[in-house]
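Engineer: The structure that follows is given in the form of structure tokens.
The values are calculated or read from the model by the stated rules, or taken from the named source; none is laboratory data. Quick caveat, the model's predicted, so the values are computed rather than measured. Note that we place each Cβ from the backbone using ideal geometry, even for glycine, and neighbour counts take in every protein chain shown.
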Amino acid sequence: MLLSTLIFSPVFVACCLLFLPLAQRGAYWLTVFTCALQFLAGLFVCFTHSNPADWAFVTKLEWLRLPFDSTHSLVISYHVGVDGLNSVLLALATGILLVGAVASWTIPKHHKSYFALYLLLNTTIIGCFLALDFFLFFLFFELMLIPMYFLIGLWGGERREYAAIKFVIYTFLGSLFILAALLMIGVSAGQQDGELILHHFDLVQLKNTTAFLPNSFLNLTQPAVWWGMSARHWAFVLLLLGFAIKLPVAPLHTWLPDAHVEAPTPISVVLAGILLKIGGYGLLRIAVPIFPEIAQEYAYYMGIAGTFSIVYAALVALGQTNLKKMIAYSSVSHMGFVLLGIGSMTITGYKGAVFQLVSHGILASMLFLSAGVLYYRTHDLQIAHYKGLAEKYPIYTALTAVAFFAALGLPTFSGFIGEMLVLWSAIETSHWGFGVPAVAATGLLVGAGYFLWTLQRMFLGKFSTKTADMIQLLTPIRTVEIVLLLVLALLSLLLGVYPQIILDKL
């Protein structure tokens with residue numbers, strides 16, 4: 001019941017919000033209050049769940065039963081629950097959603113519509129992380145496109161329509177790959193119930209070797225072969241491609257920089273802090289557990305793809321002139337570590353991948369909030385248009401420097417732990433040798449380059465801007481902006497000093 005409340009309370013509040021005669025501030029505070037309660041509930045679920053391997057707070061109800069014929073029926077369940085993996089990501093998601101809600105004070109127009117869509121997005125995100133039925137997961141995954149399309153397309157920058165359409169097309173393409181794999185699994189997985197065979201999408205049962213029917217084309221002993229590949233290979237590849245687009249992995253990443261640059265700051269925070277994590281979570285929750293032997297075969301290529309993403313995106317970030325676009329490409333680079341950790345097929349690599357998901361969620365949110373401070377005032381994020389900001393904004397500069405150093409992997413911050421665990425797992429994995437981790441490590445060097453170069457160009461030296469008008473627009477920093485950055489900085493420091501908070505849950 002608690003998890004269902006976590007999922008559906010935001011959309012209930014959204015419906016109430018649309019019909020209540022609330023002013024701008026009323027809609028804002030109602031959304032913040034809802035997200036704050038949700039965050040406290042998420043922390044409660046995460047830290048009262050003591051055994052990472054056990055399921056807790058489980059609700060399972062038969063939702064739909066669709067007969068194929070007299071002996072076969074498809075059962076779709078409303079099945080939610082938490083283990084160590086999604087309890088950690090639930091805490092992250094509810095926390096970042098709260099940060100995004102607080103940061104939404106900058107939204108200039110149509111406040112009730114914006115906050116209603118934000119709360120709907122909230123429901124779809126939490127539903128994705130808590131669903132234990134593949135069909136239910138896919139339903140939330142698809143519904144996520146609707147609020148994101150409008151939040152970018154209506155409240156974004158000058159090219160917001162282009163960015164919103166590109167986001168939907170790419171994500172929908174990934175959804176088609178996942179849907180194809182879902183249908184293959186639904187036809188092949190089942191269990192005997194008297195004279196009936198009940199087909200299902202239960203993610204808990206699908207991890208078992210007995211989940212697939214003996215004569216189905218996804219059975220383990222003699223799967224069907226299509227165009228020289230077994231059906232199990234095809235299903236895994238479809239899932240891998242679908243979730244790689246969401247992660248995203250280069251060269252499937254091109255939707256992300258445009259979406260980030262054009263999205264309003266709170267939506268950039270949610271997009272980088274949570275939505276990208278669903279790609280990594282899908283691989284860890286669905287693709288690898290259901291097809292472990294196929295994942296082992298493709299582990300080498302996942303590591304190569306992750307390494308390419310790390311280095312390529314870091315080099316592209318080095319050449320960016322727009323602050324938001326630089327941060328967006330750094331996100332692609334950091335998500336490459338997640339795929340590299342999964343490709344290691346080791347416990348250390350899996351822990352590193354999940355820790356990187358959590359760490360990047362915190363640090364990317366901090367980086368986009370930092371960019372949003374300038375964009376809110378000047379609507380200009382060209383790096384070359386600012387110099388010496390430390391002279392005018394010393395506290396803001398200090399917190400931005402912390403975000404930069406933490407994101408480039410400075411020890412004592414969370415970014416260091418995730419990357420260290422992933423590189424450690426890559427070194428101990430036999431199928432790569434020393435080449436892959438050595439190349440991946442160069443991405444960290446390039447990352448130090450683009451973060452430090454940006455820090456030098458924008459914040460050091462004598463204060464100046466491109467035009468005198470911009471100086472007038474740079475009003476004093478608000479307390480809420482400092483508090484949000486400071487809380488995220490302290491959280492990254494806490495996880496960097498005491499990472500067992502996360503690792504003990506995995």
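Engineer: Look at segment 369-386 and say how many of its residues are in a helix (DSSP H, G or I) and either of a type outside the set (Phe, Trp, Tyr) or under 9 Å from Leu323 (Cα atoms) (or both).
Structural biologist: Residues in segment 369-386 being in a helix (DSSP H, G or I) and either of a type outside the set (Phe, Trp, Tyr) or under 9 Å from Leu323 (Cα atoms) (or both): 11 in total.
Engineer: In contact with a Gly (Cβ under 6 Å, 6 or more places away or on another chain) and of a type in the set (A, V, I, L, M), is that true of Ala371?
Structural biologist: Taking the combined requirement at face value, the residue does not satisfy it.
Engineer: If you scan segment 339-354, which residues turn out to be out of contact with any Gly (no Cβ under 6 Å at 6 or more places or on another chain), surrounded by 24 or more Cβ atoms within 10 Å (Cβ to Cβ) and not aliphatic (A, V, I, L, M)?
Structural biologist: Result: Ser344, single match.
Engineer: Of all residues being of a type in the set (Ser, Thr, Tyr) and crowded, with 21+ Cβ neighbours inside 10 Å in segment 87-112, which is nearest to Thr378 (Cα to Cα)? Just the residue, please.
Structural biologist: Ser104
Engineer: Identify the residue in segment 240-271 that is within 13 Å of the chain's Cα centre (by Cα) and under 21 Å from His111 (Cα atoms) and, among all such residues, is surrounded by the fewest Cβ atoms within 10 Å (Cβ to Cβ).
Structural biologist: Only one residue fits best here, namely Leu271.
Engineer: What pairs can you find where one residue is in segment 208-237 and within 17 Å of Phe134 (Cα to Cα), the other is among the charged types (D, E, K, R) and surrounded by 18 or more Cβ atoms within 10 Å (Cβ to Cβ), and their Cβ atoms are less than 6 Å apart, with a gap of 6+ or different chains?
Structural biologist: Leu218/Arg232
Engineer: To continue, here is another question. Does segment 48-64 hold any residues that are of a type outside the set (A, V, I, L, M, F, W, C) and touching a Leu at 6+ places or on another chain (Cβ under 7 Å), and which are they?
Structural biologist: Pro52, Thr59
Engineer: Could I ask something else about it? Name the single residue that is surrounded by the fewest Cβ atoms within 10 Å (Cβ to Cβ) among those in segment 144-154 being assigned to a helix (DSSP H, G or I) and touching a residue at least 24 places away in the same chain (Cβ under 8 Å).
Structural biologist: Among residues in segment 144-154 that are assigned to a helix (DSSP H, G or I) and touching a residue at least 24 places away in the same chain (Cβ under 8 Å), the one surrounded by the fewest Cβ atoms within 10 Å (Cβ to Cβ) is Ile146.
Engineer: When the residues of segment 47-86 are narrowed to those that are of a type in the set (Phe, Trp, Tyr) and part of a strand (DSSP E or B), which ends up surrounded by the fewest Cβ atoms within 10 Å (Cβ to Cβ)?
Structural biologist: Looking at the filtered set, the residue picked out is Trp63.
Engineer: Sticking with this one: Could you pull out the residue among Ser70, Ser104, Ser77 that is more than 30 Å from Val204 (Cα to Cα) and among the polar types (S, T, N, Q)?
Structural biologist: Ser104
Engineer: Among residues belonging to segment 1-46 that are part of a helix (DSSP H, G or I), in contact with a strand residue (DSSP E or B) (Cβ under 8 Å, 6 or more places away or on another chain) and without any contact (Cβ under 8 Å) to a residue 60 or more places away in the chain, point out the one that is surrounded by the fewest Cβ atoms within 10 Å (Cβ to Cβ).
Structural biologist: Restricting to residues being part of a helix (DSSP H, G or I), in contact with a strand residue (DSSP E or B) (Cβ under 8 Å, 6 or more places away or on another chain) and without any contact (Cβ under 8 Å) to a residue 60 or more places away in the chain, the top hit is Leu2.
Engineer: Okay, next question. Condition check: part of a helix (DSSP H, G or I), under 15 Å from the mean Cα position of the chain (by Cα), under 29 Å from Leu239 (Cβ atoms) and not basic (Lys, Arg). Does Phe141 satisfy that?
Structural biologist: So Phe141 passes the test.
Engineer: Another question, then. Find all pairs meeting these conditions: Cβ atoms under 8 angstrom apart; at least six residues apart or on different chains; first residue within segment 450-476 and among the hydroxyl-bearing types (Ser, Thr, Tyr); second residue assigned to a loop (DSSP other than H, G, I, E, B).
Structural biologist: So the pair list comes out as Tyr450/Gln320; Ser464/Gly388; Thr465/Leu474.
Engineer: Please state which of the following conditions Val204 fails to meet, knowing it meets all the rest: (1) closer than 24 Å to His79 by Cα; (2) of a type in the set (Val, Ile, Thr); (3) surrounded by fewer than 16 Cβ atoms within 10 Å (Cβ to Cβ).
Structural biologist: Among (1) closer than 24 Å to His79 by Cα; (2) of a type in the set (Val, Ile, Thr); (3) surrounded by fewer than 16 Cβ atoms within 10 Å (Cβ to Cβ), the lone unmet condition for Val204 is (3).
Engineer: Here's a follow-up. Of the residues that make up segment 120-130, is at least one over 16 Å from the mean Cα position of the chain (by Cα) and either over 26 Å from Arg285 (Cα atoms) or buried (at least 24 other Cβ atoms within 10 Å of the Cβ) (or both)?
Structural biologist: Checked segment 120-130: no residue is over 16 Å from the mean Cα position of the chain (by Cα) and either over 26 Å from Arg285 (Cα atoms) or buried (at least 24 other Cβ atoms within 10 Å of the Cβ) (or both).
Engineer: Tell me the residue from Leu423, Leu452, Leu445 that is farther than 20 Å from Leu318 by Cα, assigned by TED's automatic domain parsing to the domain that holds Phe337 and assigned to a helix (DSSP H, G or I), please.
Structural biologist: Only one candidate qualifies: Leu423.
Engineer: In addition: Any residue in segment 111-121 that is in contact with a Gly (Cβ under 8 Å, 6 or more places away or on another chain) and closer than 28 Å to Trp226 by Cβ?
Structural biologist: There is no residue in segment 111-121 that is in contact with a Gly (Cβ under 8 Å, 6 or more places away or on another chain) and closer than 28 Å to Trp226 by Cβ.
Yes/no per residue for (1) within 20 Å of the chain's Cα centre (by Cα); (2) more than 23 Å from Leu318 (Cβ to Cβ):
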| position | (1), (2) |
| --- | --- |
| Leu374 | no, no |
| Glu391 | no, yes |
| Phe413 | yes, no |
| Glu419 | yes, no |
| Val439 | no, no |
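Engineer: Just need a number here: residues in segment 303-338 that are surrounded by 23 or more Cβ atoms within 10 Å (Cβ to Cβ) and polar (S, T, N, Q).
Structural biologist: Qualifying residue count for the region: 5.
Engineer: Against the definition (hydrophobic (A, V, I, L, M, F, W, C) and within 24 Å of Leu206 (Cβ to Cβ)), how does Leu30 come out, yes or no?
Structural biologist: So Leu30 fails the test.
Engineer: Quick check on segment 220-237: of everything there that is surrounded by fewer than 21 Cβ atoms within 10 Å (Cβ to Cβ) and touching a helix residue (DSSP H, G or I) at 6+ places or on another chain (Cβ under 7 Å), which residue is nearest to His334 (Cα to Cα)?
Structural biologist: Looking at residues that are surrounded by fewer than 21 Cβ atoms within 10 Å (Cβ to Cβ) and touching a helix residue (DSSP H, G or I) at 6+ places or on another chain (Cβ under 7 Å), I get His233.
Engineer: Just wondering, is there one or more residues in segment 288-304 that are of a type in the set (Ser, Thr, Tyr), assigned to a helix (DSSP H, G or I), under 17 Å from Phe337 (Cβ atoms) and outside the structural domain of Leu240 (by TED's automatic domain parsing)?
Structural biologist: Looking for residues that are of a type in the set (Ser, Thr, Tyr), assigned to a helix (DSSP H, G or I), under 17 Å from Phe337 (Cβ atoms) and outside the structural domain of Leu240 (by TED's automatic domain parsing), one finds at least one in segment 288-304, hence yes.
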